[in-house]
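S.K.: Sharing a structure below in structure tokens format, with a few things to ask.
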Amino acid sequence: MIIHKDGHFVLNTKNTTYAFYINATGQPEHLYYGKMITLGDDLAGIEALKEQWAFAPGNTIVYDNDHKQYSPENVCFEMSSYGHGDIREPFIEVVHADGSMSCDFVYDTFLIKHGKTPLKTLPSSYSRGEFGSFDEESIDADEKEGNVTELTIILKDRSYDLELKMRYCVYEECDVITRDAVLTNCSKDEIRVDRLLSLQLDMHDSDYKLTTFHGSWAREMDKAERMIACGKYEGGSFTGTSSNRNNPLMLLAEKNATEKTGRVYGFNLIYSGNHFEAVEVTPYGKTRILNGIQPKGFSYILMPDEELEAPEAVMSYSSDGYNGLSQNMHAFIRKHVVRGYWKDKIRPVLLNSWEASYFDINEAKLLKLAKAAAKVGVELFVMDDGWFGERNDDLRSLGDWTPNKKKLPNGVKGLCDKVNELGLDFGIWVEPEMVNVDSNLYRAHPDWCLAIPDKPHSEGRNQRILDLCRKEVQDYIIEAMSDVFGSANIAYVKWDMNRIITDYYSESLPAKRQGEVAHRYVLGLYRVLDELTKRFPKILFEGCSSGGNRFDLGMLCYFPQIWGSDNTDAICRAQIQNGYTYGYPQETIGSHVSACPNHQTLRETPLETRFAVAAFGSLGYECNLCDMKKEELEEIATQIELYKTIRQFTQYGSFYRGRSFDDGNFCEWTIVSKDKFRAVGMIVQKLVTPNQPYGYYMAQGLDPEFRYHFSNRFKKHNIKEFGDLVNTVSPVHIKQDSLLHNAIAKVIKMDGEKEDFTVYGDALMEAGIKLKPAFAGTGYDERVRFFPDFGARLYFMEKTD
């Protein structure tokens, strides 16, 4: 809901209030953002929110001689620029035709409407509630609008003929407000835009705890926390992507906030390129928050009558801690970001060929693997890299998207048809934005790469990046991928991007426009993705960029899920996925069970643990089923059978974090169905603590008045896992891994523990379940929990009558 009266604007969601007004000098001045407050229908209470002024602080600049009581450096604005006294990090930077860099935007008018205005050049959220089809014409106008309202504030520069539109979109049910900006050059001269951000939030207090998410390849979403009591924090990316180094997600919370309690603000950006975040605390104890396109390396020439759009920023607030904030973000992404055929649809269990075969593939090998996949209940078989051109390694053939007839004598269709005959859907891997120098495409079009002519070029993974600033390159990718996707009954596409951008340069642009390359690349990518997802609306696209190097809301507008990390080690993945869930719903995270020793860490983890962690995302397998033991295949079949009974709510239920590896030795998650009738919990342990048998599980998100049946997944354990201890009960000595040992292990299994309680939801959440004691070296039977290093447990809760 948006309320306006006499230059005062109040934006209310279900649980929050955002307020600002047009002050005496014509600037939008921020008043409040937080828990919903009552201001009255006539907004009479809003006067008390206005900061009072008498004299400007010493050694500051006043805006003009008619308003000497305050300095712009000490005012909470909705947007800012250099010039006229505000020396903090700006929202916008422009170099005018006369060389001046000062801006002076003041209020002109406003517009309020129902529904959401889409951006013209960038993906953005949408307001059609439960709808997400690409078939726009099939959606009624009322359905498109949903329960969403939009406010546009129009500002004009007093000295230069520029117009700035700031849009606020209010998603009431999700407790989310989005912001974007559009700058229009209304003058007769060209200008250079060096910065146009998406969001600015100035708050009157400080001493907040800032949470950001950093990492690298195989170490995505490592949570970092710091107090921001003074000075400035800057984060962002300069990789050409949203990057694994610094995800655009950012949280700001009061010092003592927890997963369950405290004031927490969340910010994100619907953009897949270089991004920027800043949190600045002024000498006067106020906090400025900014996000948008990375200003470093960015400049954009705006000709007369042209406009430049900033990406849409997302902000949310919760007074119920980090989990409350995450619930807001998850709901918003599910309802207003992810779209198309696969929105709200159950994601299939897949098997990907990569870690089973790498580049060494052919039709016979792949069919053998697919047959094994069908036997254990897999639904989708994915052929990864190595199927095209002369692609026997990563040195050649990117860009040559024709099947290698030695590997696939019957082409992609021949293999696809045979996989379909096994009862499996078929998927394929592509990396369309890249090219190898050793490829037919590069030999034909060397100028189609991002590279500085006649200068040394630095490569990553032996490949170069196609220049998506160029329409002819975009068109090539669209048609080449259309040929591939249309060549067979392809149900799934893994879209990869395995290097970052350096040496930003496009031969298609003049020298003065080279600062536009990074942004134009992203715009070109979005055009490609928009066209392909419309041509092939029923394909399930999964984004990938060396794992999580482009895991962002922009990509989720086209791809309903993204590969979270190339690291499939269960312990690492628990940490990585825990980080993602602060801002992204679990079904958007591609997560696979892989072989051990793990290919990224060489760590051995139990198969049960690998499944438990992967089941809390979009489950897949990435291992050579043909080489697995019978017992392992039986276990995988049992896992998949179980997963299919719970995935309706584990994929789309409410996700809650409990304990995490950030705090200690355990990672604890709960997913609850929408009706709260069912829930699944998980605990993962890093290392055993000697002689510490006590353990517990604490649920979250249940209905406190419901009675639940609480149980675990009963298992029998291989006697070999107890090592030489078998000789403490055996009448004859058993040598480890001997024929006798292996024979006994086939027929004798150790019963695992059983948990079986009927308990109310409030008890599960407040007191928790006291679990069977873990093995502590003094005895083992069915009353003891076998819980070794890297062990995991799944727990099930179901409402009883």
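The values are calculated or read from the model by the stated rules, or taken from the named source; none is laboratory data. All figures in this text were calculated on a predicted structure; none of them were measured in a lab. FYI the Cβ positions are ideal-geometry reconstructions off the backbone, even for glycines, and counts take in every protein chain you see. SASA here: full protein model, heavy atoms, side chains in, ligands and nucleic acids out. Shrake-Rupley method; radii C 1.70, N 1.55, O 1.52, S 1.80 Å.
S.K.: Relative to the longest principal Cα axis of the chain, at what angle does helix 363-376 sit, 0 to 90 degrees, rounded to 10?
M.R.: That helix lies at roughly 80 degrees to the long axis.
S.K.: Still on this model: Among the trypsin sites (Lys or Arg not before Pro) in the range 722-801, which ones are in a DSSP loop with at most 15 other Cβ atoms within 10 Å of the Cβ? Mind listing them?
M.R.: LYS735, LYS754, ARG783
S.K.: Also, I was wondering about something else. Would you work out what percent of the accessible area of the chain, with all protein chains in place, is carbon or sulfur (probe 1.4 Å)?
M.R.: Within the chain, the accessible surface is 51 percent carbon and sulfur.
S.K.: Just how much of HIS96 is accessible, in Å², when a 1.4 Å probe is used and the result is rounded to the nearest 10?
M.R.: Here the accessible area works out near 10 Å².
S.K.: Can you list the trypsin sites (Lys or Arg not before Pro) in the range 204-295 that are in a DSSP coil and have 13 or fewer other beta carbons within 10 angstrom?
M.R.: Passing both the DSSP loop test and the Cβ count: LYS255.
S.K.: Using the charge dipole of the chain (Lys, Arg: +1 at Cβ; Asp, Glu: -1 at Cβ; taken about the Cα centre), state which of LEU739, MET221, ILE539 has its Cα farthest towards the positive end.
M.R.: Highest projection toward the positive end goes to LEU739.
S.K.: On C-alpha positions alone, give me the angle between the axis of helix 471-485 and the longest principal axis of the chain, in degrees, nearest 10.
M.R.: Here the helix axis deviates by roughly 30 degrees.
S.K.: Now for a separate question. Please list, or write none, the lysines whose alpha carbon is within less than 21 Å of the alpha carbon of LYS232, excluding same-chain residues fewer than 8 places away.
M.R.: Straight-distance partners of LYS232: LYS209, LYS223, LYS255, LYS286, LYS296.
S.K.: Normalised by the number of residues in the chain, what is the relative contact order in percent for Cα pairs under 8 Å and 6+ residues apart?
M.R.: Worked out over the chain, it gives 10 percent.
S.K.: Give LYS538/LYS754; LYS343/LYS799; LYS345/LYS375; LYS120/LYS345 a once-over and call out the pairs whose C-alpha atoms are over 31 Å from each other.
M.R.: Result: LYS538/LYS754 exceed 31 Å.
S.K.: Moving on to the next point. Using the Cα centre of the chain as origin and beta-carbon charges of +1 (Lys, Arg) and -1 (Asp, Glu), tell me which of THR17, TYR584, GLY515 is placed farthest towards the positive end of the dipole.
M.R.: Projecting each Cα onto the dipole axis, the largest value belongs to TYR584.
S.K.: What angle do you read, to the nearest 10 degrees and between 0 and 90, between the alpha-carbon axis of helix 321-336 and the longest principal axis of the chain?
M.R.: For 321-336 against the chain, the angle is about 80 degrees.
S.K.: If you roll a 1.4 Å probe over the heavy atoms of the protein chains, what accessible area per residue do you get for the range 371-502, in Å²?
M.R.: Per-residue value: 37 Å².
S.K.: Heavy atoms of the protein only, probe of 1.4 Å, neighbouring chains included. What is the accessible area of TYR442 in Å², nearest 10?
M.R.: Accessible surface of TYR442 is approximately 40 Å².
S.K.: What order do you get for 62-69, 566-573, 337-344 when each peptide is scored by the mean count of other beta carbon atoms within 10 Å, highest first?
M.R.: Ranking, from highest mean packing down: 566-573, 337-344, 62-69.
S.K.: Where Lys and Arg each count +1 and Asp and Glu each count -1, what net charge lies around ASN718 among other residues with Cβ under 13 Å from its Cβ?
M.R.: After counting each charged neighbour, the total is -1.
S.K.: On a 1.4 Å probe surface of the protein chains, which of LYS406, LYS345, LYS716 comes out largest in accessible area, and what is the full order?
M.R.: Correct descending sequence by accessible area is LYS406, LYS716, LYS345.
S.K.: For the chain, give the magnitude of the charge dipole about the Cα centre (Cβ charges: +1 Lys/Arg, -1 Asp/Glu; no others), in debye to the nearest 20.
M.R.: So the magnitude is around 2340 debye.
S.K.: Counting pairwise Cα distances across the chain, what percent come out greater than 51 angstrom?
M.R.: That fraction is 19 percent.
S.K.: Another one. Which trypsin sites (Lys or Arg not before Pro) in the range 627-656 sit in a loop by DSSP (not H, G, I, E or B) and have at most 11 other Cβ atoms within 10 Å of their own Cβ?
M.R.: The qualifying sites are LYS629.
S.K.: Only Cα pairs under 8 Å and at least 6 apart count here; give the relative contact order of the range 386-539 as a rounded whole percent.
M.R.: Rounded, it is 26 percent for the range 386-539.
S.K.: Please list, or write none, the lysines whose alpha carbon is within less than 19 Å of the alpha carbon of LYS735, excluding same-chain residues fewer than 8 places away.
M.R.: LYS720, LYS746, LYS749
S.K.: So, one more: To the nearest 20 debye, what is the magnitude of the charge dipole of the range 272-341 about its Cα centre, counting +1 on the Cβ of each Lys and Arg and -1 on the Cβ of each Asp and Glu?
M.R.: 360 debye
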